[in-house]
Amino acid sequence: MVRTSTPTRWVLRLVAVGYLLFLVVLPLVMLIARTFDGGVSNLMDTLTDPEVIDGIRLTAIVALWAVAINLVFGVTISILLVRYDFPGKRLLSALIDLPLSVSPVVVGLALVLVYNGRNGWFGPFLEDHGLQVIFNSPGMIMATTFVALPLVIREVVPTLTEVGEDQEQAARSLGANWLQTLWRITLPSIKWAVVYGLVLSLARSVGEFGAVKVVSGNITGRTQTATLVVEAKYQGFEQPAAYAVAFLLVMVSIACLIGVAAVRPRER
C-alpha cells in the first residue's frame, strides 16, 4: 500500500468525492426531486400513460432478447478466445471492444446501411421474405445486442482464464464428451461471471439510446423505447413525465448494480 501524508489523503478524498458529487450524485438528486416535485402523483400518472406503457414494454422485450443473445454468443466467444488458438484471434478480441469505443449512433447507422429495406446489403432480401429489420424490433434488438456484447465477454474471459483447463481435461480423460464437460465443469465454474455480465448487459440494454434511435425510426407506440419516450416527452414540453420515466430507468440500472455488488463478494 502506498503511504501518503495526511493532507495528501484528504485532498485525494475530496477530489474523489467532488467528482462523484458533481457528476453523479447531484444530477440524480435533481432528477428524483423533479420526479416527486408534486408528490407521487406525477409518477403514478406517468405509469398510466399508454405511450409510456408501450415504451416500457418494448424496452423490456428488446433488453431481454439482447441479454439472451449475449448469453449464448458471449459465453461461446469467451470459450473460443480462452480455450482455442486460431488465426485472427487477436483481431476478434479487438473487435469485441469496438462497441465500447464507437459511438452507438455510428453503430445504428452502420446497421441501417446493411439492413435497410430499400438499398441495404441484406435488407431487400430479408423484407422480400417477410422480415423487416430496420424501423422494427429486430433492428432494435441487433443494435442493443451489439452495444452490450463486450460486457458479458469481458466478465467471463478473465474468470475462464483463471479457472484453467485442468478440471476439463480430467473430465475428458474420464470419458466425458464436450457437452458434458461444458455443462458440468465449465459453466458451473464461470456461472457468477456470466451472471455479472448479464446483469451489466441488462442495465446497458435498458438505457441504450443512440443506436436504437437510429434503427427504430422513433415511431410512437411501435418502435419507441423508454429512453426515446424520455426524449419525446422532454421535447414535447412534458418534462414531469420525462423525469418520471428517466427515474424508472435509473432505478432499474441501480437495482442491477446493487444485485451485482451483493452477489460478487460472496463468491470472489
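For the subset of region 176-205 comprising residues that are without any contact (Cβ under 8 Å) to a residue 24 or more places away in the chain and of a type in the set (S, T, N, Q), which member is farthest from I258 (Cα to Cα)?
Among them, the one singled out is N177.
Among the residues of region 206-253, write down those that are more than 14 Å from L31 (Cα to Cα), of a type in the set (A, V, I, L, M, F, W, C) and open to solvent by 10 Å² or more (accessible area, probe 1.4 Å).
V206, F209, V214, I219, A232, F237, V252
Condition check: loosely packed, with under 14 Cβ neighbours inside 10 Å and either at pLDDT below 90 or on the phi < 0 side of the Ramachandran plot (or both). Does P99 satisfy that?
Values: loosely packed, with under 14 Cβ neighbours inside 10 Å: no; either at pLDDT below 90 or on the phi < 0 side of the Ramachandran plot (or both): yes.
So P99 fails the test.
In region 35-53, how many are open to solvent by less than 50 Å² (accessible area, probe 1.4 Å) and in contact (Cβ under 8 Å) with a residue 12 or more places away in the chain?
From region 35-53, those open to solvent by less than 50 Å² (accessible area, probe 1.4 Å) are 35, 39, 42-43, 46, 49, 51-52; that's our starting set.
Filter again for in contact (Cβ under 8 Å) with a residue 12 or more places away in the chain, leaving 35, 42-43, 46, 49, 51-52.
Summing the residues that are open to solvent by less than 50 Å² (accessible area, probe 1.4 Å) and in contact (Cβ under 8 Å) with a residue 12 or more places away in the chain in region 35-53 gives 7.
Does region 166-173 contain at least one residue that is open to solvent by 40 Å² or more (accessible area, probe 1.4 Å), within 22 Å of A66 (Cβ to Cβ) and of a type outside the set (D, E, K, R)?
Start the filter on region 166-173 by keeping residues that are open to solvent by 40 Å² or more (accessible area, probe 1.4 Å), which leaves 166-167, 169-170, 172-173.
If we keep only those that are within 22 Å of A66 (Cβ to Cβ) as well, we get none.
Within region 166-173, not a single residue is open to solvent by 40 Å² or more (accessible area, probe 1.4 Å), within 22 Å of A66 (Cβ to Cβ) and of a type outside the set (D, E, K, R).
Within the bounds of region 234-243, is there any residue that is touching a helix residue (DSSP H, G or I) at 6+ places or on another chain (Cβ under 6 Å) and under 30 Å from L113 (Cβ atoms)?
Applying the first criterion (touching a helix residue (DSSP H, G or I) at 6+ places or on another chain (Cβ under 6 Å)) to region 234-243 yields 234, 240-243.
Okay, now just the ones that are also under 30 Å from L113 (Cβ atoms), so 234.
Checking region 234-243: at least one residue is touching a helix residue (DSSP H, G or I) at 6+ places or on another chain (Cβ under 6 Å) and under 30 Å from L113 (Cβ atoms).
Working only within region 58-87, note down all residues that are among the aromatic types (F, W, Y) and over 18 Å from T186 (Cα atoms). Talk me through it step by step, then tell me what you get.
So the first thing to find is which residues in region 58-87 are among the aromatic types (F, W, Y), and the list is 65, 73, 84, 86.
The answer is W65, F86.
Quick check on I77: is it closer than 30 Å to E238 by Cβ, open to solvent by less than 80 Å² (accessible area, probe 1.4 Å) and either outside any helix (DSSP H, G or I) or among the β-branched types (V, I, T) (or both)? Even if it seems obvious, please write down each step before you answer.
Numbers: closer than 30 Å to E238 by Cβ: no; open to solvent by less than 80 Å² (accessible area, probe 1.4 Å): yes; either outside any helix (DSSP H, G or I) or among the β-branched types (V, I, T) (or both): yes.
Answer is no for this residue.
So if I check each of V62, V82, which one is of a type outside the set (D, E), over 22 Å from the mean Cα position of the chain (by Cα) and open to solvent by less than 50 Å² (accessible area, probe 1.4 Å)?
Working: V62 fails: over 22 Å from the mean Cα position of the chain (by Cα).
Only one candidate qualifies: V82.
Just for helices (runs of 4 or more DSSP H) wholly inside region 119-184: which have at least 2 residues that are closer than 29 Å to T220 by Cβ, within 16 Å of the chain's Cα centre (by Cα) and not small (G, A, S)?
Values: elements: 123-128, 137-163, 166-173, 178-181.
The qualifying helices (runs of 4 or more DSSP H) are 137-163.
Answer yes or no as to whether V260 is in a helix (DSSP H, G or I), open to solvent by less than 20 Å² (accessible area, probe 1.4 Å) and modelled with pLDDT of 85 or more. Spell out how you get there, then give the answer.
Values: in a helix (DSSP H, G or I): yes; open to solvent by less than 20 Å² (accessible area, probe 1.4 Å): yes; modelled with pLDDT of 85 or more: no.
When the stated conditions are applied, V260 does not pass them.
The values are calculated or read from the model by the stated rules, or taken from the named source; none is laboratory data. The model shown is predicted, which means the values in this text are computed figures rather than measured ones. Don't worry about glycine lacking a Cβ; one is built from the backbone with ideal geometry, like all the others, and counts go over all protein chains shown. We work out accessible area using only protein heavy atoms, side chains counted, and drop any ligands, DNA or RNA first. Shrake-Rupley method; radii C 1.70, N 1.55, O 1.52, S 1.80 Å.
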